[in-house]
Structure formats: structure tokens, C-alpha cells
Amino acid sequence: MTTPLPRSKVKKNQTWNAESVFASPEAFDMEVRSLIESLVEIKKFQNHLGDGPDTFIEAMSAMEVLAKRAAKVQVYATMSSAVDTSDQLGASMNGKAMSALAQVGAATSFVDPELLAICEAALRQWVNEDPRMKVFEAYFNDLFRKQAHVRNAEVEELL
């Protein structure tokens with residue numbers, strides 16, 4: 001049985017192109033900090049999703065951007081830690097990524113409880129009256145299907 005080479009000994013062209021995600025571990029760290037700092041922008045939508053379709057769509061757009069950024073952080077960290085579990089830098093980045101993702105989850109956890117509080121009829125009316133809302137119809141269907149399993153915003157944030 002052959003012992004796998006440490007990543008540092010593998011030819012660069014035979015490794016993942018981590019630089020296509022972030023140029024360096026320092027750039028990754030900067031994005032993690034920026035991601036966490038941007039959570040304040042998401043919180044401004046809390047208690048305002050019921051203001052109407054415009055606010056709801058703005059919030060969902062902001063959360064989509066946030067989710068893409070979080071996914072990029074996770075992918076980069078996973079590239080390092082999954083290849084060599086003894087790599088301390090990779091393990092550190094993976095820990096930072098997991099912490100950032102948990103903070104993103106906590107910051108956005110208000111959405112489902114708040115939408116359920118708006119009530120199904122109002123959300124269905126938004127879908128019927130505003131063509132931009134049609135894309136959220138399946139999301140609303142699923143939300144009301146699992147309604148019994150959604151807790152209030154404070155409990156969801158803790159979970």
C-alpha cells in the first residue's frame with residue numbers, strides 16, 4: 001500500500017484550483033470578515049418582510065447574494081481541509097467557514113417565522129397580484145406544508 005503524498009508534494013496542475021475561488025488564504029479571511037460584517041444589512045429586513053412584495057423581494061435578493069458568498073467561503077475552506085486533514089491552515093479555514101455559515105444561518109433565521117406570521121392568504125395574494133412573486137410560490141407552498149415544525153424567530157435563531 002502506498003502512502004498518499006502530502007499536498008505540498010503534489011504537482012500544482014493535479015490539485016484543485018483554489019486560487020480561482022480566492023487568490024490567497026488572506027483574501028479568504030478578508031471575505032469571511034466582510035461576510036460577517038454584512039449580516040447587519042440582512043437584519044434590517046427583520047420585522048419588515050410583511051411590508052409588501054417590494055421589501056420581500058429586496059430581502060430575498062440580499063439573502064441570495066449572502067448565500068452565494070457563504071457558499072464560496074465554504075467551498076474554498078473545504079478544498080484545503082478535505083484534501084489533507086492534517087493541514088492546520090485548512091482546518092483553521094474550515095473552522096472559520098463553519099462559524100461564518102452558522103452566523104449567516106442565525107442572521108437569516110427570522111425569515112420563515114416572520115412569513116408564517118404574515119399569513120398564507122396574504123402571501124398567496126402577493127403571488128397572484130405581482131408577477132415577480134410567482135418565483136416564490138413553491139417556497140411558500142413548502143413553508144406552509146412544514147409550518148408545524150417552524151418555531152418562533154428567537155428559537156429558530158438559537159437552533
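The values are calculated or read from the model by the stated rules, or taken from the named source; none is laboratory data. From a predicted model like this one, the values you see are computed outputs, not experimental measurements. Cβ placement follows ideal geometry from the backbone for every residue including glycine, while neighbour counts extend to all protein chains displayed. Please note that ligands, DNA and RNA were not included when accessible areas were found on the heavy atoms of the full protein model with its side chains. Shrake-Rupley method; radii C 1.70, N 1.55, O 1.52, S 1.80 Å.
Before anything else, pin down the relative contact order of the chain: Cα pairs under 8 Å, at least 6 apart, normalised by residue count, whole percent.
About 23 percent, as a whole number.
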Taking 25 Å as R0, compute the FRET efficiency from the Cβ-Cβ separation of Glu58 and Ile36 and round it to 0.05. 0.75
Which value, in debye to the nearest 20, describes the size of the charge dipole of the stretch 1-140 about its Cα centre when Lys and Arg Cβ atoms bear +1, Asp and Glu Cβ atoms bear -1, and nothing else is charged? 760 debye
More than 19 Å apart: what percent of Cα pairs in the stretch 1-91 qualify? 54 percent
What accessible surface, in Å², does a 1.4 Å probe find on Ser86, ignoring ligands, DNA and RNA and rounding to the nearest 10? 80 Å²
Between Gln14 and Leu89, what length comes free when the chain is fully extended (0.36 nm per residue of separation minus the Cα-Cα distance, one decimal in nm)? 25.0 nm
Among Pro113, Asn17, Met93, which residue has its Cα positioned farthest towards the positive end of the charge dipole of the chain, with +1 placed on the Cβ of Lys and Arg, -1 on the Cβ of Asp and Glu, and the dipole taken about the Cα centre? Asn17
Whenever you get a sec, compute what percent of the accessible area on the stretch 1-120 sits on carbon and sulfur atoms (1.4 Å probe). 56 percent
Residue-by-residue Karplus 3J(HN,Hα) for the stretch 119-136, coefficients 6.51, -1.76, 1.60, Hz, glycine and proline x: 4, 4, 4, 5, 5, 5, 5, 4, 4, 6, 9, 10, x, 5, 7, 4, 5, 9
Spelling out what I want: for every residue of the stretch 53-68, take phi, set θ = phi - 60°, compute 6.51 cos²θ - 1.76 cosθ + 1.60 (Karplus), and round to whole Hz; glycine and proline get x. x, 4, 5, 4, 5, 4, 5, 5, 5, 5, 6, 5, 4, 4, 5, 5
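Using the Cα centre as the reference, give the magnitude of the dipole from point charges on the C-beta atoms of the stretch 69-144 (Lys, Arg: +1; Asp, Glu: -1; all else neutral), rounded to the nearest 20 debye.
260 debye
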Put Arg33, Arg124 in order of accessible area, largest first, probe 1.4 Å, and you get Arg33, Arg124
Accessible area per residue for the chain in Å², computed with a 1.4 Å probe and the full protein assembly in place, what is it? 61 Å²
